Amino acid sequence: MTGFEITGASAADMEMIRGWADEEGWNPGDSDRFAFAVADPGGFLVGRLDGEPVACISAVRYGAGFGFIGLYIARPAFRGRGYGIRLWRAGMERLDGRLVGLDGVVEQQDNYRKSGFRSAWNNIRVEGVPQGGEAADDDGDIEIVDAATLSFDLLAAYDRRFFPAPRDAFLSAWTGLPGRTALAALRDGRVEGLGVIRPCSAAHRIGPLYAATPAVAAALLRRLARHAPGGLVSVDVPDANPEATALFKGLGLVPTFEAARMYTGPAPVVAMAELFGVTTLELG
């Protein structure tokens, strides 16, 4: 492959990758790239042919033993020519020795299985304006507050119940970037829910959405939806939590997209019964 090289992504490349993801119909967040960059600055790779970017991938390291693959895109005019697989191998080599996860679109899942990945559950993106009245979401003495008013250590510890490795730098940026809203649900001073909404190319996306009960999840969802034009939101919902699936169906949100959460080994143990929306399909 004369003229093909793989380099780290620059700030300009990260903006370019966002545009590519938009063209794929993935509805990326307007500012996601800033949180992505601090998660693992060396975790974003670009394949260039004679200097022209033709493919990209993220291979982000978390802690000492976990990694996540995402943003795997080859430009349409350059597919089927081996550039994408070269980049894939470089990304996987960067995560060698770690448990690796990804969210695979339907048409690529067989290829991921050939690379040793196995499905753990499906993330179903649902979209719409939440229906029904807020009275139905009452859950006793739950208080919903701006997450920024809480100790970050408290939020980070709560996030660890749902993610297999520390990701403090990412979480700090993800919850605090301008234009986003992060809300926490408290009961007697304990965190029993967390949700973040962010502007995107189309519907505002909510993720993560953690909650001790469906009522807490619904209350957070409605409060977050106030920050979206017309209340239109989308959430990537794990079908391994049937209460989450039932909740969003009851609220009138409809499926629009599907990806399989896949791992190279046993799926990490997380608080699945309280996981109503994953953080991001790109970085886990």
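The values are calculated or read from the model by the stated rules, or taken from the named source; none is laboratory data. All of these numbers come straight from a predicted model, not from anything done at the bench. Note that each Cβ is placed from the backbone with ideal geometry, even for glycine, and that neighbours are counted across all protein chains shown. These accessible areas exclude ligands, DNA and RNA; they are computed on the full protein's heavy atoms, side chains included. Shrake-Rupley method; radii C 1.70, N 1.55, O 1.52, S 1.80 Å.
The table that follows gives values for the structure above.
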read-out: Conditions (1) more than 21 Å from the chain's Cα centre (by Cα); (2) at positive phi; number of the one not met by Arg187; value: (2)
read-out: Test: Gly84 is free of Cβ contacts under 8 Å to residues at least 60 places away in the same chain, closer than 21 Å to Arg261 by Cα and either in contact with a strand residue (DSSP E or B) (Cβ under 6 Å, 6 or more places away or on another chain) or not in a strand (DSSP E or B) (or both); value: yes
read-out: Candidate set from region 212-261 (those that are among the β-branched types (Val, Ile, Thr) and outside any loop (DSSP other than H, G, I, E, B)); member that is surrounded by the fewest Cβ atoms within 10 Å (Cβ to Cβ); value: Val254
read-out: Output for region 1-29, where each listed residue is surrounded by fewer than 17 Cβ atoms within 10 Å (Cβ to Cβ) and under 20 Å from Ser234 (Cα atoms); value: Gly19, Asp22, Glu23, Glu24, Gly25
read-out: Ile85 vs. criteria surrounded by 22 or more Cβ atoms within 10 Å (Cβ to Cβ) and under 30 Å from Asp239 (Cα atoms); value: no
read-out: Test: Ala64 is open to solvent by 20 Å² or more (accessible area, probe 1.4 Å) and under 16 Å from the mean Cα position of the chain (by Cα); value: no
read-out: Asp40 open to solvent by 50 Å² or more (accessible area, probe 1.4 Å) and either under 30 Å from Thr175 (Cβ atoms) or among the charged types (D, E, K, R) (or both); value: no
read-out: Number of the condition not met by Arg61 [criteria: (1) closer than 12 Å to Tyr263 by Cα; (2) assigned to a strand (DSSP E or B)]; value: (1)
read-out: Condition check for Ala203: within 28 Å of Val100 (Cα to Cα) and either of a type in the set (Phe, Trp, Tyr) or in contact with a strand residue (DSSP E or B) (Cβ under 6 Å, 6 or more places away or on another chain) (or both); value: no
read-out: Close pairs from region 176-190: first under 17 Å from Ala215 (Cα atoms), partner open to solvent by 40 Å² or more (accessible area, probe 1.4 Å) and part of a strand (DSSP E or B), Cβ under 8 Å, at least 6 apart; value: Leu183/Asp146; Ala184/Asp146; Ala185/Glu143; Leu186/Glu143; Arg187/Glu143
read-out: Contacts under 7 angstrom Cβ, first residue in region 98-111 being over 11 Å from Gly284 (Cα atoms), partner small (Gly, Ala, Ser), 6 or more apart; value: Arg98/Gly65; Arg98/Gly67; Leu99/Gly65; Leu99/Gly265; Gly104/Ala259; Gly104/Ala260; Val105/Ala259; Gln109/Ala260
read-out: Residue among Phe170, Phe152 that alone is within 25 Å of Gly101 (Cβ to Cβ) and either of a type in the set (Ser, Thr, Tyr) or open to solvent by 40 Å² or more (accessible area, probe 1.4 Å) (or both); value: Phe152
